[in-house]
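Novice: Dropping a structure here in structure tokens format, bear with me for questions.
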Amino acid sequence: MNATTPLGSTVPQHSPKPDPTASQAELQYQYDVFLSYRRANAWPRFVNTIFVPMLRHWLEAETGQPPRIFFDVDELETGESWPHRLAHSIALSKVMVCLWSNEYFSSPWCKAELGHMLARSEITKQDAPLPLILAVLIHDGENIPSELDYILRFPIQNYANPWLAHGSLNAEVLSGLIRKFSVHVSHALQQVPACDSAWSNVAIDKFVQLFEQQAIQRAVPSLGQAAS
């Protein structure tokens, strides 16, 4: 996969919708972190009840203010406006945190999300790419494309359990790991380039095309409602 690969994800619960009409002069980031992960099996449960609360807690401790985290717990990407909201939300996020697994790299949407931030990193790099992407290994870190070797990654495979008991020893260990990870996320947030409206425009066509292709493959009239 290269820096021109398209991107993808859905709208998070309890998060404001980006305003695509904002002018370049007033355009600002609306999210600190865009969380990219495969919404399949029990991973949404792990993200919603374990990973995000821990990340939110420790990142606020590092930065001194509540982090704005874009994430979604739905497994299905639905609605014609979804690709547009997705493109704007990624474009208006400062950094991307990826939860990598074999499932992640088999998802066109996850690869599209990652591809958007890879493209931004390539466009904005100076002597070296900015740390706009941070990865967490939640399952099997052996089959990651070699082109991504330069991306900072943190292994938590032994503790990434959707059924992890709150207050357990493993939960305490995982919290400690995410605390260390949050330090790196905080440092990355301090190095982001100025927000550019062109980032979302680059992504929209690719997202819409990918969405339409999958809609044809599913060939069903409706897949329900997206999270609100």
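Novice: Of the residues that sit in the stretch 133-157 and are of a type outside the set (A, V, I, L, M, F, W, C) and in contact (Cβ under 8 Å) with a residue 40 or more places away in the chain, which one is nearest to VAL173 (Cα to Cα)?
Specialist: Looking at the filtered set, the residue picked out is ARG153.
Novice: Go through the stretch 149-169 residue by residue and tally those that are surrounded by fewer than 14 Cβ atoms within 10 Å (Cβ to Cβ) and not in a loop (DSSP other than H, G, I, E, B).
Specialist: 1
Novice: Hey, another quick one. Please enumerate the residues belonging to the stretch 114-138 that are within 25 Å of ALA42 (Cα to Cα) and touching a strand residue (DSSP E or B) at 6+ places or on another chain (Cβ under 8 Å).
Specialist: Residues satisfying the conditions are LEU114, ILE133, LEU134, ALA135, VAL136, LEU137, ILE138.
Novice: Could you go through the stretch 102-113 and let me know if any residue there is among the small types (Gly, Ala, Ser) and touching a strand residue (DSSP E or B) at 6+ places or on another chain (Cβ under 6 Å).
Specialist: No, the conditions are met nowhere in the stretch 102-113.
Novice: Sort through ILE69, ILE90 and tell me the only one that's surrounded by fewer than 24 Cβ atoms within 10 Å (Cβ to Cβ) and either at pLDDT 80 or above or over 10 Å from the mean Cα position of the chain (by Cα) (or both).
Specialist: One residue alone meets the criteria, ILE69.
Novice: Return only the number of the condition from (1) in contact with an Asp or Glu (Cβ under 8 Å, 6 or more places away or on another chain); (2) at pLDDT 95 or above that HIS184 does not satisfy.
Specialist: Tallying (1) in contact with an Asp or Glu (Cβ under 8 Å, 6 or more places away or on another chain); (2) at pLDDT 95 or above, HIS184 fails exactly one: (1).
Novice: Among ILE156, ILE123, ILE133, which is in contact with a helix residue (DSSP H, G or I) (Cβ under 7 Å, 6 or more places away or on another chain) and more than 18 Å from PHE34 (Cα to Cα)?
Specialist: Result: ILE156 is the single residue among ILE156, ILE123, ILE133 that is in contact with a helix residue (DSSP H, G or I) (Cβ under 7 Å, 6 or more places away or on another chain) and more than 18 Å from PHE34 (Cα to Cα).
Novice: Taking the stretch 102-129 only, how many residues are in contact (Cβ under 8 Å) with a residue 24 or more places away in the chain, aliphatic (A, V, I, L, M) and part of a loop (DSSP other than H, G, I, E, B)?
Specialist: 0
Novice: With GLU113, GLU122, GLU172 as the choices, which residue is of a type in the set (Asp, Glu), within 27 Å of THR63 (Cα to Cα) and surrounded by 20 or more Cβ atoms within 10 Å (Cβ to Cβ)?
Specialist: GLU113
Novice: Which of the residues spanning the stretch 37-61 are among the charged types (D, E, K, R), crowded, with 17+ Cβ neighbours inside 10 Å and in contact (Cβ under 8 Å) with a residue 40 or more places away in the chain?
Specialist: Hit for the stretch 37-61 is ARG38, nothing else.
Novice: Which of (1) in a helix (DSSP H, G or I); (2) at pLDDT 90 or above; (3) among the hydrophobic types (A, V, I, L, M, F, W, C) is the odd one out, the single condition LEU99 does not satisfy?
Specialist: The failed condition is (1).
The values are calculated or read from the model by the stated rules, or taken from the named source; none is laboratory data. Predicted, not measured: the structure shown is a model, and the values here were computed from it. Glycine also receives a Cβ, built like all others from the backbone with ideal geometry; neighbour counts cover every protein chain displayed.
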